[in-house]
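**Q** Can you read through this structure? Questions will come right after.
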Amino acid sequence: MAKLPSSIEKLIKELSKLPGIGPKTAQRLAFYLLKKDAIDLNSLSSAVSDLKNGVVYCGVCHMMADTDPCVIDLDPKRDKSLVCVVEETLDALALDKGGQYNGVFHVLGGVLNPLEGIGPDVLEIESLMARAQKGEIKEIIIAVNPSLEGETTSMHLAKQLKAFPQIKVTRIARGLPMGGDLEYADDITLMRAMEGRREY
């Protein structure tokens, strides 16, 4: 029975461990890489091996960055009294990309999930409370994903932040995405869309 060389099999196996990459896609990627010249492969190999060494976590907001503090926290034009709480760095980058938000961020590093052993002590909740304690924050926007774990995390944060009555705690609006069809939306999304309605 014909078999691929072990080096290709090993690469396919490693690539298929990545999220969203199944065995077929991993196989296509491996064969694509085989066709690339050595310079491109060395560049890719170097980027992958330097990945962890080139990333630091901001001591203020816990975002992945090149520096500590990160460029957002160092920016004097940012409104430091407005903090948006997100699950991961990519969420902060997505919200920041639009250019409408001018505050700073706080990255939790995930959401509460007792089944996977992720409790409040695993996330960056204590450091958020420490930031709130300093008295510089006027509003905290909770912007975690609308999942069961996200809802649990939001409720936990709201409860903890009641200790700071001077801070306004808000949530990002939930609703239908652009181009979405009402008939395919779930009940919770429709309910959130109705709750978040505003005057024209």
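Bear in mind these aren't lab numbers, they're just calculated from the coordinates by the rules spelled out. No experiment lies behind these values; they were computed from the predicted model shown. Quick reminder, even Gly has a Cβ in these numbers, built from the backbone with ideal geometry, and neighbours come from all protein chains shown.
**Q** So for the stretch 6-49, what are the equivalent ellipsoid semi-axes in whole Å, largest first, each being the square root of 5 times an eigenvalue of the Cα gyration tensor? Please report the intermediate quantities before stating the final value.
**A** Values: eigenvalues 65, 28, 17 Å².
Semi-axes from the Cα gyration tensor: 18, 12, 9 Å.
**Q** Extent of the chain along each principal axis, from alpha carbon coordinates, in Å, largest to smallest?
**A** Principal axes ranked by extent give 69, 46, 37 Å for the Cα atoms.
**Q** The stretch 65-141 to the stretch 159-200: how many Å between their Cα centroids?
**A** So the two Cα centres are separated by 20 Å.
**Q** Neighbour counts of other C-beta atoms within 10 Å: give me Met63, Met194, Met129, Met1 arranged from fewest to most.
**A** Details: Met63 26, Met194 9, Met129 14, Met1 2.
Fewest-to-most Cβ neighbours within 10 Å comes out as Met1, Met194, Met129, Met63.
**Q** How far apart, in nanometres, would the label points at Arg198 and Leu176 be if each is projected 7 angstrom from Cα along the Cα-to-Cβ direction?
**A** 1.8
**Q** Still on this structure: Less than 20 Å apart at the alpha-carbon level, and either on another chain or at least 8 residues along: which lysines does that give for Lys13?
**A** Lys3, Lys24, Lys35, Lys36
**Q** Pro146: net charge of surrounding residues, Cβ under 14 Å, Lys/Arg +1, Asp/Glu -1, itself excluded?
**A** Working: positive: Arg171, Arg174, Arg192; negative: Glu87, Asp91, Glu149, Glu151, Asp186, Asp187, Glu195.
That works out to -4.
**Q** At 1.306 mPa s and 10 °C, plugging the Kirkwood radius over alpha-carbon pairs of the stretch 71-171 into Stokes-Einstein gives what diffusion coefficient in µm²/s?
**A** On the way: Rh = 13.8 Å.
Roughly 115 µm²/s, to the nearest whole number.
**Q** Can you list the lysines whose alpha carbon is less than 22 Å from that of Lys138, not counting same-chain residues fewer than 8 positions off?
**A** Lys138 reaches Lys77, Lys80, Lys159, Lys162, Lys168.
**Q** Here is a further query. When DSSP assigns beta bridges and you keep just the ones with both residues in the chain, what percent turn out antiparallel, to the nearest 5? Before the final figure, lay out each step's value.
**A** Working: 3 of 16 bridges.
The antiparallel proportion sits near 20 percent.
**Q** Given R₀ = 22 Å, what would the calculated FRET efficiency be for Lys134 paired with Leu51, taking r from the Cβ atoms and rounding to 0.05? Write down the numbers at each step before the final one.
**A** Numbers: r = 33 Å, r/R0 = 1.51.
Working from the Cβ atoms, E equals 0.10.
**Q** Order by neighbour count: Ser16, Ser7, fewest other Cβ atoms within 10 Å first, most last. Write out the running numbers ahead of the final one.
**A** Details: Ser16 16, Ser7 10.
So the ranking, lowest neighbour count to highest, is Ser7, Ser16.
**Q** Less than 15 Å from a label point 7 Å out along the Cα-to-Cβ axis of Lys17: which backbone N atoms in the stretch 44-82 qualify, by residue?
**A** 48-49, 52
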